[in-house]
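To start, the structure itself, in structure tokens.
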Amino acid sequence: MAKTKYRFVCQSCGYVTAKWLGKCPECGAWDSLVEEAEVTTKSRSFLPIEGAEKIKPKTIASVSQVNLERLTTGIREFDRVLGGGVVPGSLVLLGGTPGIGKSTMLLDAGLRYGKKGIKVLYVSGEESEEQTAMRAARLGNSTENLLIMTATDLDAILIQAQNVNPKLLIIDSIQTMYNAELQTAAGSVGQVRECTAKLLQFAKTTGIAVLLIGHVTKDGTIAGPRLLEHMVDVVLQFEGDRSYSFRVLRALKNRFGSTNESGIFSMEAGGLQEVANPAGLFLEDREHEVSGSVITACMEGNRPILTEIQSLVAKTPFGMPRRTAVGFDYNRVNMLIAILERHFGLDFGTSDAYVNVVGGMKLTEPAGDLAVATALVSSLRSLPIAKDTLVFGEIGLTGEVRRVSAPERRIQDAINLGFKKFIVPYSKLQLSIPQGIEIVRVKTVTQAFHALFAKTKN
């Protein structure tokens, strides 16, 4: 009897080595190498095998005649991010931080599918049937087309899926699934990889769409090997701060649609509720103009969202001034402060600077540079900005204001919400400007500050 060979596999990136190492040389993770039994497979020559004659190449014309109808949930935000609904036979991976609402969203989608007469099998490896039924009762009325099951053995799950023959199979979560062919613990790199490969083969051969829930690591990436994201057809990321009720659903990868779409949801007592018009979602009515507060427009997918950026510049009691950024890149705040000091002679060396994006939003695009710089100057000089003013644009290191994408859509949505004055990068705008609307197109930060603060100084 042959002796079993063992190897050490990194649980973060899948790196394999014959000896244990304290630090993975591939991804740099500490204490991530776990001993696993090496599984050997028999080599197979290119001889005719059973079922091979059924696998034949086809022309694109013959395949394009088959029209696959997407499975729509009725959740417009969810369907839009997917590109119009779930494609039959596809493998979709949904990731997000714990408690963000991944299971709630897919269970709600399963209930909506069931009400439309689409059979769904929901398999949970983390909750019992009673716990899943309690959550389903909170979301809405039950349906006979939604079947729930608690299991972690993947072979048993696939057998039941073949017997039930649903249109949609939901796995919650892929890290709890176990393949008996591997002598490793559930959630390991090998188990996640092999279970996903089996589910991929099952989806493509049966035409049943499979939705997977994936855990994420502490740095926000989906747990398991990077190969996992390459195997699936669609990768969805559910983001948001649990301290706030708003959630953002993004498509990181989509073989059947665009990755520029995003969905906005609100966590309510009855579950996740879609936000159809999120343009002014994060704006609060203010009676008086205050210094350090600026409204900007950021793009979430193809839709602009108006967001308030607040800044506080205060004299520091310490020898080293403090810089803090919430919802905005910390290094970019330091860069903007350096630009203001170098080109405008402003002194932040004895003051703490705090920047906050209101509402728990995370501003990732550089279009918020001009708004952040304006908020810093407004707070430093105690110069309030009119509350009906919108500011956006990217700032270069030489103090120029650079163009950003979709300025017309940002301006149009702000006009609909009652904004009157716009400080935007210099570009040709394909937009009909209504009467009473002032659009100031600037090439430098100096021009932007003059348009914002000139009247205030007088």
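The values are calculated or read from the model by the stated rules, or taken from the named source; none is laboratory data. Since this is a predicted model, take the numbers as computed values, not measurements. Cβ placement follows ideal geometry from the backbone for every residue including glycine, while neighbour counts extend to all protein chains displayed. Note: accessible area is taken over every heavy atom of the protein model, side chains too, but ligands, DNA and RNA are not part of it. Shrake-Rupley method; radii C 1.70, N 1.55, O 1.52, S 1.80 Å.
The figures follow:
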{"read-out": "Full-stretch length increase - D347, E289 - with 0.36 nm per residue and alpha-carbon distance subtracted", "value": "18.5 nm"}
{"read-out": "Antiparallel content of DSSP bridges confined to the chain, in %, to 5", "value": "50"}
{"read-out": "Using a Förster distance of 30 Å, the FRET efficiency for D155-R135 (Cβ separation, nearest 0.05)", "value": "0.70"}
{"read-out": "Nearest-10 value in Å² for the accessible area of V326, using the 1.4 Å probe", "value": "80"}
{"read-out": "Relative contact order for the chain, counting Cα pairs under 8 Å that sit 6 or more residues apart, in percent", "value": "12"}
{"read-out": "Antiparallel bridges, percent of DSSP beta bridges restricted to the stretch 119-269 (to nearest 5)", "value": "45"}
{"read-out": "Computed FRET value (nearest 0.05) for Q201 with N260, which takes r as the C-beta separation and R₀ as 25 Å", "value": "0.25"}
{"read-out": "Accessible carbon and sulfur surface of the chain relative to its total accessible area, %, 1.4 Å", "value": "51"}
{"read-out": "Modelled FRET efficiency - R0 41 Å, N302 with S128, Cβ distances, 0.05 increments", "value": "0.50"}
{"read-out": "For T205, solvent-accessible area (1.4 Å; no DNA, RNA or ligand), Å²", "value": "100"}
{"read-out": "Folded to 0 to 90 degrees: helix 129-139 orientation relative to the chain principal axis, Cα", "value": "40"}
{"read-out": "Label-reachable residues, the stretch 247-264, where backbone N falls under 12 Å from a point 7 Å from R76's Cα toward its Cβ", "value": "264"}
{"read-out": "Length-normalised contact order for the stretch 121-171 - Cα pairs under 8 Å, 6+ apart - percent", "value": "58"}
{"read-out": "In nm, spacing of pseudo-spin labels at A269 and K362 (7 Å Cα→C-beta vector)", "value": "3.1"}
{"read-out": "Degrees, to the nearest 10: 445-457 long Cα axis against longest axis of the chain", "value": "50"}
{"read-out": "Per residue, in Å², the accessible surface of the chain once ligands and nucleic acids are set aside, probe 1.4 Å", "value": "52"}
{"read-out": "Taking only Cα atoms of the chain, radius of gyration then Dmax in Å", "value": "26.7, 93"}
{"read-out": "Relative contact order of the stretch 326-385, pairs being alpha-carbon contacts under 8 Å that are 6 or more residues apart, as %", "value": "43"}
{"read-out": "Between the stretch 95-135 and the stretch 314-360, the Cα center-to-center distance that results, in Å", "value": "44"}
{"read-out": "Helix axis angle, 407-416 relative to the chain longest principal axis, alpha carbon, degrees", "value": "70"}
